Amino acid sequence: MSTDDAVSWEQLLEPHDGIYAVRTQAPGPGGRLPLTPELLRDEPSGTVFGMTQNAGMGWPRANMLGPQVMIVSTAGGLRSDDGRPVALGLHSGHFELSGQVAAAAGTIAEAGGMPFATYVSDPCDGRSQGTPAMFDSLPYRNDAAIVMRRLMRSLPTRSAVIGVATCDKGLPATMMALASQREHPTVLVPGGVTLPPARGEDLAQVQTLGARFANDELSLADASELGCRACASPGGGCHFLGTAGTSQVIAEALGLALPHSALAPSGEPVWEEIARQSARAVLRQRSLGLTTPDVLTDQAIENAMAVHAAIGGSTNLLLHLPAIAHAAGLRIPTVDDWVRVNQAVPRIVSVLPNGPVQHPTVRMFLAGGTPEVMLHLRDLGVLHLDALTATGEPLGEVLDWWESSERRARMKEVLLEQQGVDADDVIMSPPVACRRGLTPTATFPVGNLAPEGSVIKSTAIDPSRIVDGVFHHVGPARVFTSEAAAITAIKARAVAPGDVMVLMGGGPLGTGMEETYQVTSALKYLSYGKEISLITDARFSGVSTGACIGHVGPEALAGGPIGRLRDGDLVEIRVDVVRLEGSVDLVGDAAGRLTAAEAARVLAERPPHPDLTPHAALPDDTRLWAALQGVSGGTWAGCVYDVDRVLEVLRAGAEALAGRDPRA
């Protein structure tokens with residue numbers, strides 16, 4: 001709109017005759033509520049009032065007493081009946097979810113139940129990369145789970161709950177909320193994946209257009225075209241096993257989602273049918289008298305950890321799976337548990353971003369998806385086969401069915417016919433995976449820079465940098481106290497092969513534990529990026545690859561030694577990708593090489609980096625989240641709120657401020 005076309009504020013309110021056709025009363029719905037003397041005498045007033053509201057919204061009075069099922073989704077945006085956008089969602093992952101909600105709701109109604117639909121939409125981590133919006137990303141997960149739980153409790157007459165979600169934070173939040181429903185059956189409907197373009201780049205690679213253009217490795221015309229076509233369908237999560245795809249698989253492995261429901265292509269008939277099947281499943285659980293704790297157990301958590309290792313999943317699940325366990329009142333897995341599982345379980349899936357063949361996730365779905373992975377893990381003896389699935393049946397029984405099912409055979413046929421890909425080249429037996437060079441998923445380096453631990457996706461280190469199963473890098477530190485400064489240096493070619501980039505101040509206290517995919521993706525797709533390593537107290541996008549060490553603890557702003565590094569310090573990284581052992585240490589300063597004792601003394605005596613500070617744009621509510629999760633166990637406990645611990649700290653603080661000894 002040009003300046004000449006701008007309307008005055010009076011014109012904004014200018015009336016037309018149509019607004020005066022106002023009704024001041026109406027007859028109200030016909031018929032009668034199915035009330036009984038017992039209901040009127042014994043039930044709270046809210047129950048009857050709820051029936052009045054249901055009638056007012058048009059629900060048939062004859063079907064008013066069926067089981068009430070709450071459907072909570074992360075749907076966002078608005079579409080017209082013909083599918084065109086009326087208002088955009090923040091990402092494709094939630095743009096089509098209303099279709100799954102409608103399919104599930106229709107199935108509940110057909111079975112004589114009453115579906116209720118509520119929405120807690122979610123952000124896009126890809127859209128947030130490199131912006132202050134990222135400071136809300138991880139805290140949002142906790143907030144969304146809180147709101148979802150409040151909505152669930154707001155329907156006190158519910159008898160089951162269905163969650164529908166797709167992406168990086170909304171899906172873990174939904175699982176956390178479902179885990180809290182300890183008196184009701186629950187099922188999670190994964191929102192699936194977007195289709196990859198027939199010609200073009202996946203949604204991981206297109207996020208590096210700016211870095212590649214700035215380094216003269218991509219033309220403006222190519223960048224414009226590649227960026228336009230990367231999303232080949234309007235709905236679904238990204239094409240790779242990042243946090244969204246990994247979370248869908250983990251939901252299945254936990255038993256919260258139906259077998260072979262993760263990673264379905266959004267908008268396709270099978271995707272919609274999964275929602276219907278999930279609605280029938282939650283009603284079946286109800287008829288069997290099952291509740292969420294029957295499915296979500298310590299054994300289910302261990303199964304999910306094994307599947308995570310087998311697929312080479314996102315390191316963000318090290319934050320999300322403990323949070324789900326906490327919400328369910330289960331034992332929270334420790335770093336030692338992650339190490340143990342990753343040492344015992346081989347990686348057997350060749351999918352973006354780890355490869356070695358970069359298959360998009362829709363191919364993993366057609367190759368058999370999560371049940372196919374678990375079939376191989378069953379044969380290795382690393383699964384708890386008596387754990388229940390969302391079907392209400394034990395995992396072992398479901399896998400026996402899957403092995404000879406028509407669904408398994410025909411999906412593999414589709415993959416071969418349409419893509420020319422053999423399913424066994426996507427999801428492999430452990431011996432085949434070993435012969436093709438697939439190494440285990442994650443390593444957890446410790447050392448004088450990470451005394452509480454850190455994580456590296458060891459599957460994703462460039463193979464050319466690994467000698468006899470070991471990645472080894474000794475190089476000068478290039479220190480950055482903000483992600484913006486780090487990506488600017490990369491685009492300006494101010495970091496060189498052999499450098500160790502150190503990005504500090506990116507933990508919860510500094511940025512809400514931002515993702516640094518801008519940096520990691522640039523290093524992956526630049527021709528010289530494999531010669532540079534990264535160490536940070538921030539986290540990575542699930543699609544991040546390369547010699548990138550994150551989750552360094554303690555974080556710099558909590559006094560972690562990473563915050564005492566300076567430009568030019570000599571840093572040594574060693575990662576054994578076979579034994580899954582690693583270290584990250586300061587080994588020298590401006591004066592030369594240091595012994596272990598000398599390095600410890602330097603790190604103890606140095607003050608924090610002079611530019612280390614929380615980001616100026618860190619929101620107050622994120623600061624509060626950082627403090628609450630910090631006293632609840634921090635990142636290695638899932639960045640959640642342990643209410644009892646928080647209350648204990650608050651009482652101690654109040655007593656200290658009042659001048660009393662909190663230990664008295």
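The values are calculated or read from the model by the stated rules, or taken from the named source; none is laboratory data. Since we're looking at a predicted model, the values are computed, not measured. Note that each Cβ is placed from the backbone with ideal geometry, even for glycine, and that neighbours are counted across all protein chains shown. Accessible surface is based on the protein model in full, side chains and every heavy atom, while ligands, DNA and RNA are left aside. Shrake-Rupley method; radii C 1.70, N 1.55, O 1.52, S 1.80 Å.
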Search result, residues across the range 633-650 that are open to solvent by 30 Å² or more (accessible area, probe 1.4 Å) and either outside any helix (DSSP H, G or I) or among the hydrophobic types (A, V, I, L, M, F, W, C) (or both): Gly633, Trp636, Tyr641, Asp642, Val643, Leu647, Val649, Leu650
Pick out the one residue from Gly553, Gly560, Gly568 that is open to solvent by less than 50 Å² (accessible area, probe 1.4 Å), under 25 Å from the mean Cα position of the chain (by Cα) and not hydrophobic (A, V, I, L, M, F, W, C). Gly553
When you go through Ala433, Ala390 one by one, which is the residue that is small (Gly, Ala, Ser), assigned to a helix (DSSP H, G or I) and open to solvent by less than 50 Å² (accessible area, probe 1.4 Å)? Ala433
Counted residues in the range 214-264 being of a type in the set (A, V, I, L, M, F, W, C) and open to solvent by less than 20 Å² (accessible area, probe 1.4 Å) come to 16
Could you tell me which of the residues Val421, Val398 is at pLDDT 95 or above, in a loop (DSSP other than H, G, I, E, B) and crowded, with 16+ Cβ neighbours inside 10 Å? Val421
List every residue pair whose Cβ atoms lie under 8 Å apart, where the two residues are 6 or more positions apart in sequence or sit on different chains, the first residue falls within the range 415-427 and is over 16 Å from Thr370 (Cβ atoms), and the second residue, located anywhere, is surrounded by fewer than 17 Cβ atoms within 10 Å (Cβ to Cβ) and at pLDDT below 95. Asp425/Val357
Of residues in the range 167-214 being touching a Phe, Trp or Tyr at 6+ places or on another chain (Cβ under 9 Å) and in a loop (DSSP other than H, G, I, E, B), the one farthest from Val147 (Cα to Cα): Asp202
Val357 fails exactly one of the following numbered conditions: (1) open to solvent by 50 Å² or more (accessible area, probe 1.4 Å); (2) assigned to a helix (DSSP H, G or I). What is the number of that condition? (2)
Failed condition for Val602, given (1) touching a strand residue (DSSP E or B) at 6+ places or on another chain (Cβ under 7 Å); (2) open to solvent by 50 Å² or more (accessible area, probe 1.4 Å); (3) without any contact (Cβ under 8 Å) to a residue 40 or more places away in the chain, with all others met? (2)
Would a scan of the range 529-549 turn up a residue that is closer than 29 Å to Ser464 by Cα, surrounded by fewer than 21 Cβ atoms within 10 Å (Cβ to Cβ) and either in contact (Cβ under 8 Å) with a residue 12 or more places away in the chain or more than 22 Å from the chain's Cα centre (by Cα) (or both)? yes
In the range 579-599, which residue that is part of a loop (DSSP other than H, G, I, E, B) and in contact (Cβ under 8 Å) with a residue 60 or more places away in the chain is surrounded by the fewest Cβ atoms within 10 Å (Cβ to Cβ)? Arg579
Please indicate, with yes or no, whether at least one residue in the range 608-616 is buried (at least 19 other Cβ atoms within 10 Å of the Cβ), touching a residue at least 24 places away in the same chain (Cβ under 8 Å) and more than 21 Å from Leu449 (Cβ to Cβ). yes
Can you tell me which residue among Leu188, Leu151 is open to solvent by 20 Å² or more (accessible area, probe 1.4 Å) and out of contact with any Asp or Glu (no Cβ under 7 Å at 6 or more places or on another chain)? Leu151
